[in-house]
Amino acid sequence: MKVTPRTLEESQEAEARELLERRASRLREQGENTVEEAVHWIAEFPLGEERYALSLESLRAALPLKMVSPVPLSAPHVVGVLRFQGQVLAALSLASLLGGHGWRQDPAVLLVVDRGDGELCALDCEAIPRPTTLPMSAVEAARARAEGAVMEVFTQDRQLIHLIDLKRLFSATRGTGARHAR
Amino acid sequence: MPVDPMLQGLVAGFAVEAQEVVQKVTMDLLELEREGLETDALTRLYIRLGRHLHTLKGSAASLGMQDLSDIAHKLEDALAPLKANAQKMPRSVVDILLHGLDLFLLRAQAHADGRGDALPDPAAALAQLVADAPPPDEAAAMVAASGEEAAVAAPTPAAPSESVSVPDALPESADAGWRVSSWQVTSLMREVERLREVRLRVEERGRELERVAVLLAKEGLLAETAEARTALSGTARSLRTDGEETSDIVDALEDGLKAITTRPVRTILDPLQRMVRDLSRQLGKEARLSVVGAEVSLDRRLLEKLQGALVHLLRNAVDHGLELPADRERAGKHHEGALTLRVEQQGNLLYLEASDDGAGIDVEVVRRLAEQRGVVTPEETARLNENQLRDLIFRPGFSTRTDVTDTSGRGVGLDAVRASVEGLQGRIEVASTPGQGTRFMLTLPTDLGSSPVLVVRVLEQLVGLPMLAVEATQLARAESLRLGKRRAHLEYQGQLLSVVDLGARLGLRALAPPAEGQPLLIVQSGGKRVALVVDAVVGDRDLVIRPLPSEVRDVPAWQGAATLSRGELLLICRPDWLVTETVQAQVSAQRRALVVDDSLTARALHRAMLEAGGFTVHLAASGARGLDRLQSDTYDVVICDLDMEEMDGIQLIAKLRERPETASLPVILVSAHDSAVARERGLKAGADGYLSKRECAAGRLLAEVLDVMSRRGSRA
């Protein structure tokens, strides 16, 4: 037996319930029809005109870019040092590390990441990254192809993402912290 | 020989005590062996030696360790004839006494470990000791060069009362203390360090409260806010008092923990005296080790790790560095080689120097042997300079010995020393002068606890200096400065000290002589001194200096960073870097750019781009600071952000165009706005060029800078 709603609030509530019902059944159907594909979680962000990403598991925190002390005589990619959970971390210019020349806007965010060797550092970024996924197969294929620290991976909707391999990136820049040796 | 189970608990403590006493005896013996001591000093040494041996004998007997008591007794016997006529002790007697002490310690440790039952009968060892000892009359005769009648003393058994004498100072029972692991103590120290940082923040909160009270008074609401202001001021006062009490507690906690976690460097250096003596005897050489700074206290773990490296460096110095006495005399040197260990701590850095006055390192020999041993190829050595060739001694597999001896020749040595120093995040360097000697310099971080730091300011940059390196502060006065064409000197205590501008040294500004009244700090390190020019002395703080991350650890200017009251980091400058002479770069021929931008990352990126293009780049974080820089320095081009707080790029250009000296200075505006309107507005305001951040990202900055400079140049 269908009950006729008596008030406007009750009517809206019923509509919302129906809407949620429809969405739920649609999602259930999708789950039954598609074969679940392994995915790689990433933190995606813009860098210049392109889209870049880091493996989400390497991301430890996103902080506002402040309280960074510049380090005179350090390498050009070193923005400065900051304090994070009692440790002193280096804040690095990601654009500079990747051989770029700048950002569209001044970075306002620092991403604290694991460099791949257990040490943490902070990378500057225009905005807080967006968590999303890439097909694991595409990531593996790109990794096999790539020689440098940046892998080109296409998303399911054919968008190009530059996935950064932090371990490779930092092993390539190791030992270049000083501008002027003694 | 079993120890009474009732006394076993005390034996471990005895072993530790015995080790300390034996160390003292060893030092006395080495001193007695040397020439040139006054009779009074000799007498005092003999008396002290006798007392120490007696303590060992009495303590061992009271714990029922008769074997140890007998050994100590025999050593007393060997000493007795010499005490009567205090003179330099013959080497053979020193050998016997040292050997006896080794025997004593080995057996004491075995008792402490509960292995007393398994020890061989001491009779054989004692008989050997007695057999080796010169007869009393001979021993006395050895020292009685003056012909005085030697006191012949037959071995006298200890008096019964002596053999049961109460030990001088037995350690407390094990039950009286706690056994804690090093990480537990280190964790506590970390908490104390954090507490010190919290204390700094609380201090800042107090200052903020006081500022609020002042602001309320300025608002013209005096009557309405009177009660609130009184309450705020009262809270600020209480906070200050509480803060001072907290400071005292933090100091006491840190001192207490430091007493537990550290010990004087002397504890690892004293045993090295014996090692140097034994090794030089074995090699037919003569050596004397002097130690400077042995009272510095360091983290016990660091000391343990350092000991091996020091042993190796000293063995190397005796074996490879020092010449045989006859060779030394032929070279006009004293027959006894001089080894020196110098220890100095500044802030969180430990400087350790091991030097000898031997033959020095022959770079040609190093090159030849490195090639022969396959450490490097001749092609590689051809490319190396003298310092790099000398550094080959740190490569694995390198040895100058052609034969393998007990001491060296296996090619495992300095590479292991370097590995252990680098394992402690330290650095090792070597300097050598042929015929004059060799110096190994170790720099190591010591990161426990706080240290006093002097905070100074240069332009906008705060910099910390380890207080131990700052000898004095004074203001620059024309009459005490000597200004040359390329550098200035300060007349200080009858010496001329180089004047070093910290700002220029850090690449923050161009080199200029100090202005009248500018603060000068006399900074010393490793015996060198300079007069350091800063813009302001902010004050001194007790700060916890933490190591820098690997990305900036190699920058020689910095030794660490400390947290200030608002959570920002203060970089701590290395005094040894400040006092090191540098070749002044010929910057006059280089083009100079000033980047004015309130974004730290934009400044860093522009700097990178321009430096890559051969520019010397200085930075300013605001329009006002940019103007300040332009008043004291000259630049070929200014790159300026359009959107800045307080004074934007348009306003800065207007100010520059007003002043004759900067009216025609090329200025490029950079902005996130990429519209034609914004571009037109910028150019209309007097900018020579306009770039969007997007264009900068595309790599246009350097090209635009060169283009603008060339256009200005052609117009001029």
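The values are calculated or read from the model by the stated rules, or taken from the named source; none is laboratory data. Since we're looking at a predicted model, the values are computed, not measured. Virtual Cβ from ideal backbone geometry, glycine too; neighbours counted across all protein chains shown. Remember, those area values only see protein heavy atoms, side chains included, never the ligands or the DNA or RNA. Shrake-Rupley method; radii C 1.70, N 1.55, O 1.52, S 1.80 Å.
Scanning region B:446-466 for residues that are open to solvent by 30 Å² or more (accessible area, probe 1.4 Å) and either modelled with pLDDT of 95 or more or within 19 Å of B:Pro514 (Cα to Cα) (or both) yields B:Arg457, B:Leu459, B:Glu460, B:Leu462. Can you work out which of the residues in region B:556-581 that are away from every other protein chain (no Cβ under 11 Å) and assigned to a loop (DSSP other than H, G, I, E, B) is surrounded by the most Cβ atoms within 10 Å (Cβ to Cβ)? Here the answer is B:Val579. Identification of strands (runs of 3 or more DSSP E) wholly contained in region B:480-555 with 1 or more residues that are more than 30 Å from B:Glu203 (Cα to Cα), away from chain A (no Cβ under 14 Å) and not small (Gly, Ala, Ser) yields B:481-483, B:488-492, B:495-501, B:519-525, B:528-533. Scanning region A:85-97 for residues that are more than 16 Å from B:Gly560 (Cβ to Cβ) and surrounded by fewer than 20 Cβ atoms within 10 Å (Cβ to Cβ) yields a single hit, A:Gln85. Considering only residues in region A:65-82 that are under 22 Å from B:Gly503 (Cα atoms) and open to solvent by 40 Å² or more (accessible area, probe 1.4 Å), the one that is farthest from the other protein chains (Cβ to nearest Cβ) turns out to be A:Pro70.
Restricted to region B:201-312, the set of strands (runs of 3 or more DSSP E) holding at least 1 residues that are over 30 Å from B:Ser451 (Cβ atoms), open to solvent by 70 Å² or more (accessible area, probe 1.4 Å) and touching a Lys or Arg at 6+ places or on another chain (Cβ under 9 Å) comprises B:287-292. Among residues of region B:298-323 that are closer than 12 Å to B:Ala354 by Cα, those with a beta-carbon under 7 Å from a residue that is assigned to a helix (DSSP H, G or I) and among the hydroxyl-bearing types (Ser, Thr, Tyr) at least six positions away or on a different chain give the pairs B:Ala309/B:Ser420; B:Val318/B:Ser280. Every test in (1) within 14 Å of chain A (Cβ to nearest Cβ); (2) open to solvent by 30 Å² or more (accessible area, probe 1.4 Å); (3) among the aliphatic types (A, V, I, L, M) is passed by B:Ala624 save one, and that test is (1).
Counting just the residues of region B:462-478 that are more than 24 Å from the chain's Cα centre (by Cα) and more than 14 Å from B:Gln493 (Cα to Cα), which one comes out nearest to the other protein chains (Cβ to nearest Cβ)?
Taking region B:462-478 as the starting set, the residues that turn out to be more than 24 Å from the chain's Cα centre (by Cα) are B:474-478.
Retained after the next criterion (residues that are more than 14 Å from B:Gln493 (Cα to Cα)): B:475-478.
Numbers: B:Leu475: 25, B:Ala476: 22, B:Arg477: 28, B:Ala478: 29 Å.
Applying the filter and picking the extreme gives B:Ala476.
Of the residues making up region B:282-309, those that are closer than 18 Å to B:Thr26 by Cα and in contact with a strand residue (DSSP E or B) (Cβ under 9 Å, 6 or more places away or on another chain) are B:Glu286, B:Ala287, B:Arg288, B:Leu289, B:Ser290, B:Val291, B:Ala294. Selection of first residues in region B:602-620 that are at negative phi and at the interface with chain A (Cβ under 7 Å from one of its Cβ atoms) and of second residues that are open to solvent by 10 Å² or more (accessible area, probe 1.4 Å) and charged (D, E, K, R), restricted to Cβ pairs under 7 Å at least 6 apart or on distinct chains, gives the following pairs, ordered by first then second residue: B:Ala602/A:Asp106.
Answer yes or no: is there a residue in region B:647-656 that is of a type in the set (Lys, Arg) and more than 44 Å from the chain's Cα centre (by Cα).
yes
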